[in-house]
Amino acid sequence: MENQILKQALNGDINAFQDLFAQFQPQLKSYLYRLLTDRNDADDLTHDTFVRAFDKISSFGGQSSLKTWVFQIATNLAYDHLRLRKRWLPSAQDDSKAYSYENPVVPTTFFEIHQNAPYGSYEIREHIDFCFTCIAKTLPLEQQVALMLKDVYGFSVIEIGQILTQTEGRIKHLLHDARSTMTGIFANRCALVSKTGACHQCSELNGVFNPKQDVQVERMKLAMVRASADASQAELYELRAQLVQAIDPLRTTGTDLHEAIMRCTRKAVGEIETF
């Protein structure tokens, strides 16, 4: 049945193409959000990807899956969007915290969203996902893309090579370097998995938005916290990635709140002019 729909799409049937596109559209939009860190930009580029892919559908030769081919188009569009942006520093969330302290409108906005928005709740696991996206922004763009595609969205090395038009060896090198950097940053910064970690943001925010909730109980629900005493840093990274895989940042109970926290972070690092 799907082959028949694909054949119709290749013959210019936009409804058939839309049926196929819809199968992976949520993943695509989530992926673009993790790269762009802006909900509206992710929406726009998802739409642009659909238009560009349908316009070029006759050139799809079947050397890869349609999903991989579409993700290649989306990645190229994201590259165009991100090429001139600076990489974030590991301290981006510290900068965001400092900015929120200096500008009272920021915490006021957070509380209004938390109390009134349909998706304004706060969960530590969702903030760990948020943190993963922020730390990934410290990577060179090609490493960030390879890491997201492999460790979050489950593409194979071969498929990532098709998306990035790189050899398998090059993709493996990108993944090794990206994981090494991410693991090192988490080991030095995350207080959940290291007694010397400098960043307590997820627990601090939990105390702010869920004051009646026992922070220690909430933290101990996380497998990586339970494993932190005995697991290697590589194993802790894998547990973190597994948590992130299970979360769509655009479809969580705290999507609205974390979108606002992300805007604050982007303002703090100089990526946008106004909060």
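The values are calculated or read from the model by the stated rules, or taken from the named source; none is laboratory data. These figures come from a predicted structure and were not determined experimentally. Every residue, glycine among them, receives a Cβ derived from its backbone with ideal geometry; neighbour counts consider all protein chains shown.
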(message) Looking at Asn76, Asn11 in this structure, which one is exposed (fewer than 13 other Cβ atoms within 10 Å of the Cβ) and either at pLDDT 95 or above or of a type outside the set (Asp, Glu) (or both)?
(response) Asn11
(request) Could you pull out the residue among Asp44, Asp48, Asp38 that is closer than 25 Å to Ala146 by Cβ, surrounded by 19 or more Cβ atoms within 10 Å (Cβ to Cβ) and not aliphatic (A, V, I, L, M)? (result) Asp38
(message) Would you confirm whether or not region 254-275 contains a residue that is in contact with a Leu (Cβ under 8 Å, 6 or more places away or on another chain), within 26 Å of Glu112 (Cα to Cα) and either at pLDDT below 95 or outside any helix (DSSP H, G or I) (or both)?
(response) yes
(request) Can you tell me which residue among Leu77, Leu45, Leu89 is of a type in the set (A, V, I, L, M, F, W, C), more than 20 Å from Ile247 (Cα to Cα) and not in a helix (DSSP H, G or I)? (result) Leu89
(request) Out of Leu139, Leu164, Leu222, report the one residue that is under 22 Å from Leu257 (Cβ atoms) and either touching a residue at least 12 places away in the same chain (Cβ under 8 Å) or among the hydroxyl-bearing types (Ser, Thr, Tyr) (or both). (result) Leu222
(request) Output the residues belonging to region 33-54 that are closer than 22 Å to Val269 by Cβ and touching a residue at least 40 places away in the same chain (Cβ under 8 Å). (result) Tyr33, Arg34, Leu35, Leu36, Thr37, Asp38, Arg39, Asp41, Ala42
(request) Collect the residues in region 230-255 that are within 15 Å of the chain's Cα centre (by Cα) and more than 20 Å from Lys137 (Cα to Cα), keeping them in residue-number order. (result) Arg251, Thr252, Gly254
